[in-house]
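Right, one structure below, let's go through it.
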Amino acid sequence: MRFLIDAQLPRRMCQWLTGTGCSGTHTLDLPARNRTSDRELTAFADQDGAAVATKDSDFVDSHLLQGRPAKLLLISTGNITNDDLEALILPLLNDIVREFQSANFIELNRAGLIVRG
């Protein structure tokens, strides 16, 4: 499974994903880097078949109102260290990938996963 990692998440998240057989592209790897607009990020993700991983609730509005991005992983942990985020995501990554086979909006918080739709 492919993920497009938004700017407020660590670039090293791509390495975590690659280590589990998934792939990740961070906004820093896009031509406009962290200046990539939400609209461009969504278009890139949808074109690539990737899920947008973000902390930005604007993507939730866009997903719910327009169906874009097609797949959304909302990380709603609040402030969290990168090490704690990694410890939270890695054990749940197989579940996230499995849920994205039938769902298109998943939320990850400190308590676990919530499949939204």
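Please treat every number below as a calculation from the coordinates, not as lab data. Computed from a predicted structure; not experimentally measured. Counting neighbours? That spans all protein chains shown, and the Cβs are built from the backbone with ideal geometry, glycine included.
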Can you figure out the FRET efficiency of Thr18 with Leu92, using R₀ = 22 Å and their beta-carbon distance, to the nearest 0.05?
0.85
Can you list the residues, at least 5 places off or on another chain, whose amide H is less than 5 Å from the amide H of Arg68, using H built in the peptide plane?
His63
Based on DSSP, what percent of beta bridges with both residues in the chain are antiparallel, to the nearest 5?
20
If you put +1 on each Lys and Arg Cβ and -1 on each Asp and Glu Cβ, how big is the dipole of the stretch 2-115 around its Cα centre, in Debye rounded to 20?
160
Return the long-range amide H neighbours of Ser23 (sequence gap of 5 or more, or a different chain), with a cut-off of under 5 Å between placed amide H atoms.
Arg2, Phe3
In terms of the charge dipole of the chain, which places +1 on Lys and Arg and -1 on Asp and Glu at the beta carbon, the residue among Ile75, Phe44, Ile96 farthest towards the positive end is Phe44
Per GNM of the chain with C-alpha springs under 10 angstrom, the most fluctuating residue out of Ile80, Ile96, Ile106 is Ile80
